[in-house]
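In what follows, a structure is listed as structure tokens, so that the remarks can point back to it.
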Number of protein chains: 2
Amino acid sequence: MSSTDPTPVRTPRLEQAITNPGSVKINVKGAFIVDDDPRSKSPVRTDGVHYEGHDIRLPHHTGVVSHVAVDIGGSLAKLVYFTRELDSPDNGGRLNFINFETGRIDLCLEFIKQLKEEHQGLNGGTKDELCVVATGGGAYKYYDKLKETLNVDIMREDEMECLITGLDFFITEIPNEIFTYSETEPMQFAEARPDVYPYLLVNIGSGVSMIKVSGPKQFERVGGTHLGGGTFWGIMSMLTGARTFDDMLAMADRGDNSGVDMLVGDIYGMDYGKIGLKSTAIASTFGKVFRLKNAAQHESDDDIQPNGTNGDTIFKHEDMSRSLLYAISNNIGQIAYLQSEKHQVKHIYFGGSFIRGHRQTMNTLSYAIRFWSKGEKQAYFLRHEGYIGAVGAFLRRKPANWGRRNSVDEHTPANGI
Amino acid sequence: MSSTDPTPVRTPRLEQAITNPGSVKINVKGAFIVDDDPRSKSPVRTDGVHYEGHDIRLPHHTGVVSHVAVDIGGSLAKLVYFTRELDSPDNGGRLNFINFETGRIDLCLEFIKQLKEEHQGLNGGTKDELCVVATGGGAYKYYDKLKETLNVDIMREDEMECLITGLDFFITEIPNEIFTYSETEPMQFAEARPDVYPYLLVNIGSGVSMIKVSGPKQFERVGGTHLGGGTFWGIMSMLTGARTFDDMLAMADRGDNSGVDMLVGDIYGMDYGKIGLKSTAIASTFGKVFRLKNAAQHESDDDIQPNGTNGDTIFKHEDMSRSLLYAISNNIGQIAYLQSEKHQVKHIYFGGSFIRGHRQTMNTLSYAIRFWSKGEKQAYFLRHEGYIGAVGAFLRRKPANWGRRNSVDEHTPANGI
């Protein structure tokens, strides 16, 4: 560890250095999220590629970083890499975040190849030095392809372990990363606390994993659900023809779920007060379709198209999107709460590319946790929610120094403002 | 109570009589489910009406029954009524089960009107005597309509209380009603047990209610989910154009969910052995759509229809149906298990019209309970799963004798063969 500065608790300045695979230390002193970068406000997107913005500046790191990390999931491959900023007044560099559709993994490999070619300029190293740390299922499925295409060392790391390493890093070392959400305060940064463990990590990608973490290396996948981001995307694209997640979320913003959902009031004509269900509560997601479609059929069979697209004429795509987004988020929230009860965990972190900083999603997850726990528990979110595993992989490959880093963790709970 | 026969435990013969609203006792001695009735094998169906079959014969009941019971839910109105069988060798009568789409409640009212007109012939009463016991949300929403159209007394009963009364009746008094499901033994009738309580009732209609029942009158709605039968019907009808639940279930029987679902093997290319996930496990419901649709678009944008129906060309309706049926059932199973853990309940009963005796649905629910509980808990089903609330309403309106009936229950746990 190169830094000898003392670390006051709850300061945004970070002190310790982290050792990377090439035994070069990454100096995270003074690390911060780059919010004034134009890329942070309007992420550049091209077909199948998504530049994230919100880079993390590492102003004091000047050494060579000879690895990139990629977390290849079912739908997206998330890449984290370091670049030097020689023209910046404080030198140093930044962590960059970018993702690719897994179905177009070739684009991702092309990008890594380019990083390798430019390695000297970006990192100050030579191109033979670069290695790739890979995690997620694709680290196995595409192992041979990665190796052959890139002609570099591929180091594989377990997905769950990377998620935990990444989340621990974000919780303890990056200021203004972890936040709670409410409609009045959409991004209230979490204060540091000495008792990080235990927590429940709910990672929402194509599917959902729920991991109970009891300590730095102590964890168990306690459950999950296959109703996740892939379900939302898949059903929405089939119902509406929308082709990007962002388009679907934009539709959800404009929609009113009561156009397709059956509310308690639709069944009762009033609240069901005896058991505390308000008339505006959702009784059945998409439950209005049965009645309205049958009514339409009863009135005129001619209006019905054979392939089921008549739904388009009665129901709005926007309403469907909002309904489904709500259903998937609320369902995950309920299961996460019940798992947190079963496993006696109070803090629940939601990560994964499904969330994308979308207000409705976070509001639903937050509300579900508050509702079911009667205000006892809270949902926490991350600004780099999609990159937890990739960052974990980036930080993980340092067996010789792993014990030393852990011992540093114990006295530096540095998240918060 | 008219019967004085002693009741051996675990005999199919039932002894006690139940008092009905008109203070006429219903003699359930020797009650049994009519399986040799042709209607039981091929239920007669007409537009918006579904004759259930599986009537319950009450061979020893000869008195007038002056009420019918209706449970009006979000999608279906379930009706239970008594008819005498004067031409049968043992006289007596039977409980009949029929349902109507709630959206066509007029058909239901027409039917009840007809029952009223024929009351003398069917029941031996006069038409002025007939009254209607109503439960479910529609008992409130359609109260005025029921009263005006039928011109009879409408007695309303709370939905949850009716569900419990109905389930208690089926558990304790109807032989061959409650069963467990497994692929090798699709209908193994449950044996009677002295400790009926506590149990969890999971009622799957348009939406799902989960009720913890601790005693004959002690219950709490502990949760539920709005991903229920209405969700399955709504999404399926929009995706495939199918218009009846039975058509959708038939499609599910022919489908292969891996056509649309992303499996663990699709992500890993193998098992994810470290956390015990097999390559055939579902990672994301409909999760394959993202990758396959984007691949299709990448290859040829011309194939894509603007309204999203291109899903039809890549994905089979049968696969979608199986996937969604599995997803909804498995999700309910997981939440039911977690609620049963939180509330320390071992026996879980699944009712509601969503199930419809469908093997895949029951198999999924059973499997989910076995899987999550590591074999500690079991799912129970009912042959009259859709009529729990209606039967409860039918039996419930007897305040003067309620206490007496409960005291009878205590010494006659009579379910089983």
Do the conditions hold for B:K41, that is, is it modelled with pLDDT of 75 or more and basic (K, R)? no
Tell me yes or no: at least one residue of the stretch A:199-206 is closer than 24 Å to A:G255 by Cβ, facing another protein chain (nearest Cβ under 7 Å), in contact (Cβ under 8 Å) with a residue 60 or more places away in the chain and touching a strand residue (DSSP E or B) at 6+ places or on another chain (Cβ under 9 Å). yes
By residue number, the members of the stretch A:232-256 that are within 25 Å of B:H317 (Cβ to Cβ), more than 7 Å from chain B (Cβ to nearest Cβ) and in a helix (DSSP H, G or I) are A:F232, A:M236, A:F245, A:D247, A:M248, A:M251
Can you name every residue in the stretch A:218-239 that is farther than 29 Å from A:A252 by Cα and touching a Phe, Trp or Tyr at 6+ places or on another chain (Cβ under 9 Å)? A:Q218
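Among residues belonging to the stretch B:134-149 that are in contact with a strand residue (DSSP E or B) (Cβ under 8 Å, 6 or more places away or on another chain) and basic (K, R), point out the one that is farthest from the other protein chains (Cβ to nearest Cβ).
Initial filter on the stretch B:134-149 (in contact with a strand residue (DSSP E or B) (Cβ under 8 Å, 6 or more places away or on another chain)): B:134-143, B:146-147.
Narrowing the set further to residues that are basic (K, R) leaves B:141, B:147.
Details: B:K141: 3, B:K147: 14 Å.
By that ranking, first place goes to B:K147.
Among the residues of the stretch A:263-280, is there at least one that is touching a residue at least 40 places away in the same chain (Cβ under 8 Å) and either surrounded by fewer than 19 Cβ atoms within 10 Å (Cβ to Cβ) or assigned to a helix (DSSP H, G or I) (or both)? Reasoning before the result, please.
Residues of the stretch A:263-280 that are touching a residue at least 40 places away in the same chain (Cβ under 8 Å), as a first pass: none.
No.
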Within the stretch B:311-326, can one find any residue that is within 8 Å of another protein chain (Cβ to nearest Cβ), at pLDDT 95 or above, closer than 19 Å to A:S284 by Cβ and surrounded by fewer than 24 Cβ atoms within 10 Å (Cβ to Cβ)? no
Can you name every residue in the stretch A:241-258 that is among the small types (G, A, S), surrounded by fewer than 17 Cβ atoms within 10 Å (Cβ to Cβ) and touching a residue at least 24 places away in the same chain (Cβ under 8 Å)? A:S258
What's the number of the only condition in (1) facing chain A (nearest Cβ under 10 Å); (2) surrounded by fewer than 21 Cβ atoms within 10 Å (Cβ to Cβ); (3) part of a loop (DSSP other than H, G, I, E, B) that B:E220 fails to meet? (3)
Got at least one residue in the stretch B:187-210 being of a type in the set (A, V, I, L, M, F, W, C), surrounded by fewer than 16 Cβ atoms within 10 Å (Cβ to Cβ) and assigned to a loop (DSSP other than H, G, I, E, B)? yes
Reported set for the stretch B:185-222 where residues are of a type in the set (D, E, K, R) and more than 30 Å from A:M262 (Cα to Cα) is B:E185, B:E191, B:R193, B:D195
Can you give me the number of residues within the stretch B:150-186 that are among the charged types (D, E, K, R), in contact with a strand residue (DSSP E or B) (Cβ under 7 Å, 6 or more places away or on another chain) and assigned to a helix (DSSP H, G or I)? 1
Pair list, Cβ < 6 Å and 6+ apart or interchain, from the stretch A:360-381 residues that are free of Cβ contacts under 8 Å to residues at least 60 places away in the same chain to residues that are surrounded by fewer than 18 Cβ atoms within 10 Å (Cβ to Cβ): A:K377/A:K346
Which one of the conditions (1) in contact with an Asp or Glu (Cβ under 9 Å, 6 or more places away or on another chain); (2) aliphatic (A, V, I, L, M); (3) modelled with pLDDT of 90 or more does A:L130 fail to meet, given that it meets all the rest? (3)
In the stretch A:336-417, which helices (runs of 4 or more DSSP H) lie fully inside it and hold 1 or more residues that are of a type in the set (S, T, N, Q) and modelled with pLDDT of 95 or more? A:359-372
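What do you reckon, is B:G166 over 30 Å from B:W233 (Cα atoms) and either more than 14 Å from every other protein chain (Cβ to nearest Cβ) or among the hydrophobic types (A, V, I, L, M, F, W, C) (or both)? I'd like the intermediate steps shown before the answer.
Values: over 30 Å from B:W233 (Cα atoms): no; either more than 14 Å from every other protein chain (Cβ to nearest Cβ) or among the hydrophobic types (A, V, I, L, M, F, W, C) (or both): yes.
The answer is no for B:G166.
The values are calculated or read from the model by the stated rules, or taken from the named source; none is laboratory data. Small disclaimer: the values here were computed from a predicted structure and weren't measured. Here the Cβ is made from the backbone with ideal geometry for all residues, glycine too, and neighbour counts use every protein chain on show.
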